[in-house]
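A short worksheet on the structure shown next.
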Amino acid sequence: MLRCQRLTVNYASATKPALCEIDFEMGPGEVVGILGESGCGKSTLALSILGLLPATARVEGSILFHDQDLLCLSESRLQTIRGAQISLIHQEPGLSLSPVMRAGEQISEVLGAHRPMTKPRREQECKAMLREVQLGDVDRIYNAYPHQLSGGELHRVAIAQSLICRPELVICDEPTSSLDVTIQAEILNLLRELKRKFGMAMIFITHNPALLAGFADRVLVIYEGRIVEEGRVSQVFRRPLHSYTNELLQLVTPEEGRVAFHHEN
Amino acid sequence: MRTEQAVKRAAKPALVRVSGLSKQYVQRGAFSRRKFVIDAVREVDLEIQPRCLTALVGESSSGKSTLARCLALLERPDKGEIWFEGEEVSRQRGRELASLRPKIQMIFQDSAGALNPRFSAAEIIAEPLEIQRLASGHQLHKRACELMEEVGLSPEWANHRPLEFSGGQRQRLAIARAIALQPAFLILDESLSKLDLITQAQILQLLSDLQTTHALTYLLICHDLTLVKRVADFVLVMHHGKIVERGTRQDVLSSPQHVHTRHLLSSVRDLESAFRDVQSGAGS
């Protein structure tokens, strides 16, 4: 379904490429985890798939989505794909949602851009979607502005917005890193549940390997813009080949009191 | 064994002692006269042992940051007392308060927002020294470079602005600024939360090294229990403005008493056990 070939991205301001010769492919319904530290190029990959890179970035290679190259498409063609077939869940919904629009309108706007529908019908669809993301008080949330919602609710609204057109591919860019542990666990379970229900493919970008366990099928480890390791999650987690992966995995289940903070002076 | 040591040390007088601390915020609706009272911190008692790392955990909006701001003397509590090195400090003002500031320093979550983007790295570190009149002129720059080296930043970067640094490097810069005044008590308000795992581990190692050289006492505010498990000597759990559980790391993490602590722990354990299952092959 999606195939990246020799994808290289250079930012005008940087000396090194942000991404270097990335090759990978994924099939429909597959969940691929992308693991790497901050600044390794994870988010650049997400943005290049959606054609959202800044104009100053130089992109080489190709990204084939159903055999059409996303990098060669015109902006108007891309707009028909973005949100409808490929969508993005941002790291911080507090920033990605518009503060001057009601939550419901923002979801309905996506639907309006891709599906011809009457307004009441759109509202109905949106509220059904809000129920799908396990929000209780649907009418209140539909009419609320983002600042009136809690962090967890905002996340659910952002997820509803990205799933409203039933895309084939959802890219989650660090979807839970700004949340505290209990809500993080809820959102992860919700994403799993929605994946089971709608069967979309997912790219799950994170720096925490624990979030991929029991969720992702395959994992790509990116280090300094290159894929250094790739394979099934169970295989990579059990027998990491690259030293970076190994180091990262050891940090997930730390020994108690590993870093000493008890010096007697 | 480490916990035993920590317990033994608890017999020493506490560095910080708080009793009956309360803080309310009053908010008013945009166009109405109705007032909303938020009890951010309610009747909190706690003690922080010297040269230990005490972790304060809780969900967002449980009052952790308000408590930290009160302890850092950035916020005046409505009620209660804060004793620091055997002195009541919550009501101090003016010169007394100014002389206390160097001893208590705070490092914030968002290093990009906390450091002045128009200052160079050296100016950021030198500013507190200048304010406290501890160095001047050429000395100032030299001391700033020494501090940069101490936190693992190259002094060659002294003239770069904070936004040219990566997140981890910026956090190092914030640490250098905080330790410039030789504080006794360092409050880390979610300072490690936005960093990726490897950078986080490096910063922790730095904090641990600094503790040896500077005899620091840390209060780490965070919601990440994996992190707490790795570093804390003592744990305080906060919920709706109150401390609901306290004790050594081992006590709190291995036999949690309060429902809320158990809830926090279970979400972390689920993740960890899923990870272990995959690693051991049970999950595939």
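Readers should treat all values here as calculations from the given coordinates under stated rules, not as data from a laboratory. Owing to the predicted nature of the structure, the values given are computational and were not obtained by experimental measurement. So basically every Cβ, Gly included, is an ideal-geometry build from the backbone, and we count neighbours across all protein chains shown.
Details
- Estimated distance in nm for a label pair at B:ASP277 and A:VAL100, the labels positioned 7 Å out from Cα along Cα-to-Cβ: 4.8 nm
- The GNM of chain B, with springs linking C-alpha atoms under 10 angstrom apart, assigns the highest mean-square fluctuation among B:PHE31, B:PHE234, B:PHE108 to B:PHE31.
- Residues B:ARG76, B:ARG42, sorted so that the one with the fewest Cβ neighbours within 10 Å comes first: B:ARG76, B:ARG42
- Exceedance of the 20 Å cut-off in Cα-Cα distance is limited, within the set A:LYS42/B:LYS229; B:LYS64/B:LYS242; A:LYS42/B:LYS194; A:LYS119/A:LYS197; B:LYS23/B:LYS242; B:LYS64/B:LYS194, to A:LYS42/B:LYS229; A:LYS119/A:LYS197.
- Global form of segment B:219-284, assessed from the alpha-carbon gyration tensor, a/c cut-off 1.5: prolate
- Value at 222 nm in deg cm²/dmol, rounded to 500, when DSSP H runs of n ≥ 4 in chain B each add -39,500 (n - 2.57): -12500 deg cm²/dmol
- Cβ-based exposure ranking for A:ASP139, B:ASP224, B:ASP209, in which fewest neighbours within 10 Å come first: A:ASP139, B:ASP209, B:ASP224
- Once C-alpha pairs closer than 8 Å and six or more residues apart are averaged by separation and normalised to the residue number of chain A, the relative contact order reads 25 percent.
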